[in-house]
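Following: one structure in structure tokens, then a few remarks.
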């Protein structure tokens, strides 16, 4: 089996690559070649079956040359320009989030038209496609993105579904929630405070939260998200009931509840380290998430962390 991971040097990509290397197989098939694609790599897995592809996937000629060397069985397309960065750097976000996604899907088409099989295409979308949300989000809720990132990911979902309809890929788009806990870094993601609060309180340092205590959000641990990506690649198509896009099951909680869970793991004293200074824009984007029902994903076998305290305990794993 030949597996390709784009964005393989990113937060989720590194964790996924480590799992694939450690297990050496995907479902019932062994991995003969694991191609990791990103602009550059920091401490990549050193195994004979790992192939590092350092380059700009928005370069159509380079991507075509690179991927034409061997048929691909599974694609995990994680590469993206997220949230705040996509707002500030539109041209870059369009090249990566739209143009590169289209070119990667076209590789599946070329493989099929050359007589090969359609690759399984796992597309990392985002809950940002919903934008303004109603009082309850379900599988029938229409997306109304409020940011360029969400709009571009919604277009990606549509492309994955259309290429799947044509038989050029076997697509599964996953709307990922917040993923905790990202390492402290300037990634341009406006939701970084949800990871930062876990890191800072675990280290016994004070933290100023840019939302109110009652602000509600959705999030999953990194190991949970990796589990769901792997499940997406291996679940039988019949279990998807004709769907190509799934909002992943995730936990809904208030920031106050998150602090309580951190206190259960790292000691009650951390509660006194938190000061709430709401920022209206942050609160509007990440602090008003309604209840969520994910019946289609539940039926297809996707799962959340279970309990908030378990999410906090798992938040530092796989990093």
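Scanning the range 108-120 for residues that are touching a helix residue (DSSP H, G or I) at 6+ places or on another chain (Cβ under 6 Å) and surrounded by 22 or more Cβ atoms within 10 Å (Cβ to Cβ) turns up 119, 120. Once the range 51-67 is narrowed to residues that are in contact (Cβ under 8 Å) with a residue 24 or more places away in the chain and part of a helix (DSSP H, G or I), the residue that is surrounded by the most Cβ atoms within 10 Å (Cβ to Cβ) is 67.
When only residues in the range 28-44 that are assigned to a loop (DSSP other than H, G, I, E, B) and within 14 Å of residue 3 (Cα to Cα) count, which is modelled with the lowest pLDDT? Among residues in the range 28-44 that are assigned to a loop (DSSP other than H, G, I, E, B) and within 14 Å of residue 3 (Cα to Cα), the one modelled with the lowest pLDDT is 28.
Results for (1) in the same structural domain as residue 106 (by TED's automatic domain parsing); (2) touching a helix residue (DSSP H, G or I) at 6+ places or on another chain (Cβ under 8 Å); (3) within 24 Å of residue 303 (Cα to Cα), shown as yes or no for each residue.
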| site | (1), (2), (3) |
| --- | --- |
| 159 | yes, yes, no |
| 165 | yes, no, no |
| 172 | yes, yes, yes |
| 204 | no, yes, no |
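The number of residues in the range 260-291 that are within 16 Å of residue 178 (Cβ to Cβ) and in contact with a helix residue (DSSP H, G or I) (Cβ under 9 Å, 6 or more places away or on another chain) comes to 7. Among the residues making up the range 68-95, those that are assigned to a helix (DSSP H, G or I) and out of contact with any helix residue (DSSP H, G or I) (no Cβ under 9 Å at 6 or more places or on another chain) are 88, 91, 95. Considering the conditions (1) within 27 Å of residue 172 (Cβ to Cβ); (2) at pLDDT 95 or above; (3) assigned to a helix (DSSP H, G or I); (4) in contact with a strand residue (DSSP E or B) (Cβ under 7 Å, 6 or more places away or on another chain), residue 226 is excluded by exactly one of them, (4). Output the number of the condition that residue 47 fails; it satisfies all remaining conditions of (1) modelled with pLDDT of 95 or more; (2) in contact with a helix residue (DSSP H, G or I) (Cβ under 9 Å, 6 or more places away or on another chain). It fails just one condition, (1).
So that you can scan it fast, the table gives a plain yes or no per residue for (1) modelled with pLDDT under 95; (2) touching a strand residue (DSSP E or B) at 6+ places or on another chain (Cβ under 8 Å); (3) under 18 Å from residue 136 (Cβ atoms); (4) not assigned by TED's automatic domain parsing to the domain that holds residue 131:
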residue: 213; (1), (2), (3), (4): no, yes, no, yes
residue: 232; (1), (2), (3), (4): no, yes, no, no
residue: 240; (1), (2), (3), (4): yes, yes, no, no
residue: 262; (1), (2), (3), (4): no, no, no, yes
residue: 269; (1), (2), (3), (4): yes, no, no, yes
residue: 275; (1), (2), (3), (4): no, yes, no, yes
residue: 298; (1), (2), (3), (4): no, no, yes, yes
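Any chance the range 280-296 includes a residue that's at pLDDT 95 or above and part of a helix (DSSP H, G or I)? Yes, the range 280-296 contains at least one residue that is at pLDDT 95 or above and part of a helix (DSSP H, G or I).
Among the residues of the range 18-41, the one identified as surrounded by 24 or more Cβ atoms within 10 Å (Cβ to Cβ) and over 12 Å from residue 53 (Cβ atoms) is 20. In the set (1) surrounded by fewer than 19 Cβ atoms within 10 Å (Cβ to Cβ); (2) assigned to a strand (DSSP E or B), the condition left unmet by residue 219 is number (1). Checking each residue of the range 244-257 against the condition of being in contact with a helix residue (DSSP H, G or I) (Cβ under 8 Å, 6 or more places away or on another chain), assigned to a helix (DSSP H, G or I), crowded, with 23+ Cβ neighbours inside 10 Å and not assigned by TED's automatic domain parsing to the domain that holds residue 18 gives at least one match.
With respect to (1) out of contact with any strand residue (DSSP E or B) (no Cβ under 6 Å at 6 or more places or on another chain); (2) within 26 Å of residue 13 (Cβ to Cβ), the lone exception for residue 204 is condition (2).
The values are calculated or read from the model by the stated rules, or taken from the named source; none is laboratory data. What you see is a predicted model, and the numbers here were worked out from it, not measured in a lab. We place every Cβ from the backbone using ideal geometry, glycine too, and count neighbours over all the protein chains shown.
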